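Read through the structure below, which is laid out as structure tokens, and then see the notes.
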Amino acid sequence: MVFFIALQSFLSKTKTKLVVFKKKKSRSSGDGGVDVLSDVPTTSSETIAASTTKDQKFQLREDGRKYHADEKVSYLFPSDDDEADRVHQQHWILRYALQRNYHAPVTQLLQQGITVLDSGCGPATWTLEMGETYPNSKFHGIDASSVFPETIKPANVEFCVANIAERIPFPDNTFDYIHQRLLILGLTNNDWENALKELYRVLKPGGYIEIVEPDMQDLCNMGPLLHKTQYTMSEMLLSRNMPPKIAIELQDRITRAGFVNIELQMTPLHLNHTDKAGYLLWGDYKHAYLNIRPVMAARNPEWQDVQVYEKYIDACGKEAETNKTCVNWYAYYAQKP
Ligand SMILES: C[S@@+](CC[C@H](N)C(=O)[O-])C[C@H]1O[C@@H](n2cnc3c(N)ncnc32)[C@H](O)[C@@H]1O
């Protein structure tokens, strides 16, 4: 339910017409091209199914927001409805900006019917949309928080709670395709190493893995205000043993984990300029930065004051518009030999 409310609110705010269902391809070639975008989604006739989650513990912090309480999970964002709504909207913005949901050459396989893992699925907008689009395939979403829908979902989509840096609760060689996006603020260096080992284990030989992350430290055409924001974030991540340049490091890390045939597609995404995608992406950037203010403020005490911080982020937005700043978006895909 939250999924559709969030989507409708997004659509009405942006006047963007995004649709889950097919009309015609927006790109003539390449895998993962999305279908054009001309109507609001309808619900599936197969929406009610049981799901398996386990009881979860959350903690309320000083900012009044709910966070994950598992000390082995390093995720920095809150685990509440506002953050879930942001991540839903972020999915539609990325899909609109990239005009695709994935990069690996798996379209035919998805149409025929394969088993897919969405690792760190969050509120699962990607998983749900892919489940609707490819009814012959089976989708499993896993996340450390049970922020995914428990009951309203297509029959070919299942979810479970798991820490991907501990153990992914599936046997060896289960999945034909694994998708993982935007774990940059969730995994330490050790977590990345363990998660890649686990992802390798559960992927079938010949199967594809796709990992998508932005370079959040070094933006293109970055002015001094955004430089301060990005480098504060980078220092904050390093102080927690989390890699701010994971988007760049993944090439080596994926190789070390044993994957082969690694391909990289890097796309510079506009931040607050040039086109609708740029303005929408800025909206998400601002929302994300407001939601991680407490950890940013721990590095820069001026930002303890919400109004000061918000004013600063707004000034960053103006700077990005003037300088035509871009975020480099890295999508890797590779195979298990
Ligand atoms: C920014 S959200 C991205 C969600 C989704 N992949 C997408 O792109 O829409 C990151 C998600 O990773 C999850 N996460 C963080 N650390 C995790 C871990 N160690 N194991 C499993 N999930 C984790 C968080 O709970 C959150 O839902």
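Computed quantities for the displayed model
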read-out	value
Residue that is farthest from the ligand (Cβ to nearest atom), among those in region 73-115 that are out of contact with any helix residue (DSSP H, G or I) (no Cβ under 8 Å at 6 or more places or on another chain) and at pLDDT below 95	D80
Criterion (within 9 Å of the ligand (Cβ to nearest atom), more than 28 Å from P294 (Cα to Cα), out of contact with any Leu (no Cβ under 6 Å at 6 or more places or on another chain) and touching a residue at least 12 places away in the same chain (Cβ under 8 Å)) met by exactly one of D118, D70, D143	D118
Some residue of region 153-164 being without any contact (Cβ under 8 Å) to a residue 40 or more places away in the chain, over 25 Å from I248 (Cβ atoms) and surrounded by fewer than 18 Cβ atoms within 10 Å (Cβ to Cβ)	no
Some residue of region 113-120 being of a type in the set (S, T, Y) and in a loop (DSSP other than H, G, I, E, B)	no
Region 164-185: number of residues that are out of contact with any strand residue (DSSP E or B) (no Cβ under 8 Å at 6 or more places or on another chain) and either β-branched (V, I, T) or away from the ligand (no atom under 11 Å from the Cβ) (or both)	2
Hits in region 92-108 - residues which are more than 21 Å from T274 (Cβ to Cβ) and surrounded by 20 or more Cβ atoms within 10 Å (Cβ to Cβ)	N101, Y102, H103, A104, V106
Residue in region 125-139 that is farther than 18 Å from A165 by Cα and near the ligand (Cβ under 7 Å from one of its atoms) present	yes
Flag if N272 is assigned to a loop (DSSP other than H, G, I, E, B) and either among the basic types (K, R) or under 21 Å from the mean Cα position of the chain (by Cα) (or both)	yes
Odd one out for P244 among (1) surrounded by fewer than 20 Cβ atoms within 10 Å (Cβ to Cβ); (2) over 16 Å from H179 (Cβ atoms)	(1)
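Residue-by-condition table, conditions (1) part of a strand (DSSP E or B); (2) among the charged types (D, E, K, R); (3) within 23 Å of Y330 (Cα to Cα); (4) in contact with a Lys or Arg (Cβ under 7 Å, 6 or more places away or on another chain):
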residue: T127; (1), (2), (3), (4): no, no, yes, no
residue: E198; (1), (2), (3), (4): no, yes, yes, yes
residue: G207; (1), (2), (3), (4): yes, no, yes, yes
residue: E213; (1), (2), (3), (4): yes, yes, yes, no
residue: M222; (1), (2), (3), (4): no, no, yes, no
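The values are calculated or read from the model by the stated rules, or taken from the named source; none is laboratory data. What you are looking at is a predicted structure, and each value in this text was computed from that prediction instead of being measured. Neighbour counts run over all protein chains shown; Cβ positions are idealised from the backbone, glycine included.
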